[in-house]
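J.: The structure that follows is given in the form of structure tokens.
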Amino acid sequence: MLQKSDPRNANIKIYVDGEIVHRNDAKISVFDSVVQGGDAVWEGLRVYKGGIFCLDRHLNRLMDSAQAMAFVDIPSKEEIRKALSATLIANSMTDDVHIRLTLTRGKKTTSGMDPRLNIFGPTLIIVPEYKPPVYDNENGISVITSSIRRNSPNNLDSKIHHNNLINNILAKIQSNVAGADAALMLDNYGFAAELNGTNVFIIKDGNIFTPHADACLHGITRGLVIQLARENKFHCIEKNISLTEMYSADEVFCTGTMGELTPIMAIDGRKIQNKSDDRILPRLIQAFEESIHKYTEKL
Ligand code: PMP
């Protein structure tokens, strides 16, 4: 299902490099590093009732990614908080909003790869849009397994939340062609890594499992779900998960800021059949919904 843009987004204002302008006037240079080499890091944030969910965790991950990429003159978390606040105020936005926060290595003096061509400092971009959770969380989604492998630390470490999303986009194209909602990506050993834009969990015999964060993004929602599961006395274990284990799980779901917690109802045509009659996912969803207030930071 292709998500349509909310009509309220027609006149939103965007933050680009210190200015807040109408979306039609929001532009970056063709010499910007993100155009030249996808050389940028990003976060997806969700606004609930006037605050941003898990903001500190997202900003820490952004800082870690920028540090790993050796960005120079990285804005502080406080500077980014101020820019986020100004952008939301300029749009009178308080709820039901998703923010795409991007920090590029900045404009270059001439086209090229070399970061020494970046003498202007990073470019901060904040795109806030009215956007409900992307998936049908009532009825769930179906997925197919992609032939595109998710990056391992051998090539491009998934611990960096960077803008080189081509392998995930190729996987998403495969799921589109197959008529599925998303693509399950495997790691180099053939174990499940994550979906093309969300993390994945299975539930079997009352226990909750998720792949090690070796070849998947260490998702903020993933981390919170592990935390909430353990606080609610469930066994939640990170382990290698084969496709057979995915197919025969009692419940499968994915997690992400864009979609929250979404049941996966079918994988490669296998319907997920809960044989335990003890549904844990609704309890995790409830724990997640109850946690929103606690982890939402007012700006
Ligand atoms: N995996 C990938 C590949 C993603 O791009 C995202 C969202 N940025 C996620 C998982 C979910 O991460 P989070 O819970 O931090 O939104």
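J.: If you roll a 1.4 Å probe over segment 141-298 with all protein chains in place, what percent of the accessible area is carbon or sulfur?
T.: Roughly 53 percent of what the probe reaches on segment 141-298 is carbon or sulfur.
J.: Moving on to the next point. Summing +1 for each Lys or Arg and -1 for each Asp or Glu, what net charge is found among the other residues whose Cβ lies under 9 Å from the Cβ of A68?
T.: My count for the surroundings of A68 gives -1.
J.: Just to check I understand the Karplus step: with θ = phi - 60° and J = 6.51 cos²θ - 1.76 cosθ + 1.60, what whole-Hz values come out for segment 98-109, glycine and proline as x?
T.: Calculated HN-Hα couplings, in order: 10, 10, 9, 9, 10, 10, 9, 5, x, 6, 9, 6 Hz.
J.: Could you check what % of the DSSP bridge pairs in segment 141-298 are antiparallel, to the nearest 5?
T.: 65 percent
J.: Given the peptides 199-205, 87-93, arrange them by the average over their residues of other C-beta atoms within 10 Å, most packed first.
T.: 199-205, 87-93
J.: Once every DSSP H run of n ≥ 4 in the chain is given -39500 (n - 2.57) and the sum is divided by its residues, what mean residue ellipticity at 222 nm do you get, rounded to the nearest 500 deg cm²/dmol?
T.: Calculated mean residue ellipticity at 222 nm is -8000 deg cm²/dmol.
J.: Now for a different question. What figure in square angstrom, to the nearest 10, would you give for the accessible area of C236 with a 1.4 Å probe?
T.: Using a 1.4 Å probe on the heavy atoms, I get roughly 10 Å².
J.: Let me ask something additional. What does the charge add up to near S291, with Lys and Arg as +1, Asp and Glu as -1, over the other residues with Cβ less than 14 Å from its Cβ?
T.: Charge balance in the 14 Å sphere: +2.
J.: Of the cross-linked pairs K27/K77; K77/K159; K82/K108; K49/K172; K13/K49; K4/K271, which ones have a Cα-Cα span greater than 21 Å in the structure shown?
T.: Going by Cα-Cα distance, K27/K77; K82/K108; K49/K172; K4/K271 fall outside the 21 Å limit.
J.: Next up: Starting from the Cα gyration tensor of segment 106-155, take the square roots of the eigenvalues, sort them a ≥ b ≥ c, and report rounded, prolate or oblate (rounded when a/c is under 1.5, otherwise prolate if a/b is larger than b/c, else oblate).
T.: oblate
The values are calculated or read from the model by the stated rules, or taken from the named source; none is laboratory data. Computed from a predicted model, the values in this text were never measured in an experiment. Because the Cβ atoms are built from the backbone with ideal geometry, glycine has one as well, and the counts that use them run over all protein chains shown. Protein only, heavy atoms only, side chains kept; ligands, DNA and RNA dropped before computing areas. Shrake-Rupley method; radii C 1.70, N 1.55, O 1.52, S 1.80 Å.
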